[in-house]
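Visitor: Input: one structure, supplied below.
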Amino acid sequence: MDILEAIFGRRSIRKFKKDTIPYRVLFDIFEAAVSAPRAGNIPSTWMVLAESDKLKTKLKDACVDQDWIENAPVIIAVCSNPKRLTQLYGERGKLYAVQNSAAVIQNMLIAAQEYGLQGTWVGAFSESEVKKVLTHKNKMDKVDVHALVALGKPDEYPKKLPEIQATDLVYYESWKEVNKASKMIPLANNPKLQNTIKRAKQRSKKTRHKLIKKIGKTIKHFK
């Protein structure tokens, strides 16, 4: 699958088919996950795979009004021990630990689509309860649980995500309204150009590159 197709095609799924996920597929996804960038090249993120119905039910009970999560074929707890990062970077190491985990999760969600899978990044849960489910004798007392990822083959087609233009979120050289990229390159205000970009997202990589070149030439006329 083309990487941009995977990024644009990512959805949060809350209804899964019962198909099991082969371990070879899971570990391909895990390999992609641990290939994410990390602060100081220090591995601070670990993953715990929950597959049994008993364990998934306990994790569901630790979540906040999210009963659907136990129906996912697997739930992956993304955990972190920031100790080595804080030793090297001080208090800021805690932030780096969260960033490391976020990069791991994003890689996981993108890689899953190669196998027709989708996942949901879950952050609403009782961390202490999740720790009780996943360990014994407080072995995780110094570990943070950053997220749960429910993963499986989707059994629903979510509504299209709200359109958010990059030109509304990108500023040029300083964070000022006058420096918004949309003021510099009026893509957001040009429906014809936006339709071209949307079509480009749906086509092959080769075709998309041709369209991007064409768009680049068109932009010059609007500067």
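Only the coordinates and a few stated rules stand behind these numbers; no lab work does. Owing to the predicted nature of the structure, the values given are computational and were not obtained by experimental measurement. So basically every Cβ, Gly included, is an ideal-geometry build from the backbone, and we count neighbours across all protein chains shown.
Visitor: Amide H of Val74 versus every other amide H placed in the peptide plane: which residues, excluding those fewer than 5 positions away on the same chain, fall under 5 Å?
Guide: Hits under the 5 Å cutoff: Leu151.
Visitor: Moving on to the next point. Calculate the FRET efficiency for Glu129 and Ser12 from the Cβ-Cβ distance with a Förster distance of 22 Å, rounded to the nearest 0.05.
Guide: E between Glu129 and Ser12, to the nearest 0.05, is 0.50.
Visitor: Spelling out what I want: for every residue of region 60-71, take phi, set θ = phi - 60°, compute 6.51 cos²θ - 1.76 cosθ + 1.60 (Karplus), and round to whole Hz; glycine and proline get x.
Guide: Those phi angles translate into 4, 5, 7, 8, 9, 6, 9, 4, 4, 5, 6, 7 Hz.
Visitor: Fully extended, how many nm does the chain gain between Leu4 and Asn41 (0.36 nm per residue separation, minus their Cα-Cα distance)?
Guide: Working it through step by step, the gained length comes to 10.7 nm.
Visitor: Would you mind classifying region 23-115 by shape? Square roots of the alpha carbon gyration tensor eigenvalues, ordered a ≥ b ≥ c; an a/c under 1.5 is rounded, otherwise it is prolate if a/b is larger than b/c and oblate if not.
Guide: Since a/c reaches 1.5 but b/c is at least a/b, the shape of region 23-115 is classed as oblate.
Visitor: Using θ = phi - 60° and the Karplus curve 6.51 cos²θ - 1.76 cosθ + 1.60, what whole-Hz ³J(HN,Hα) does each residue of region 75-81 get, with Gly and Pro shown as x?
Guide: Whole-Hz 3J(HN,Hα) from phi for region 75-81: 10, 10, 8, 9, 10, 8, 10.
Visitor: Turning to a different aspect of this structure: In whole percent, what relative contact order does region 3-152 give with Cα contacts below 8 Å and a gap of six or more residues?
Guide: 35 percent.
Visitor: Which order do the peptides 107-116, 26-35 come out in when sorted by mean C-beta neighbours inside 10 angstrom, highest first?
Guide: My ranking of the peptides, most packed first, is 107-116, 26-35.
Visitor: Search the structure for amide H atoms under 5 Å from the amide H of Asp155, placed 1.01 Å from N in the peptide plane, and list their residues when 5 or more places away or on another chain.
Guide: Lys15, Phe16, Lys17
Visitor: Over the Cα atoms of region 8-68, what radius of gyration and what Dmax do you get, in Å?
Guide: Radius of gyration, then largest Cα-Cα span, for region 8-68: 14.7, 40 Å.
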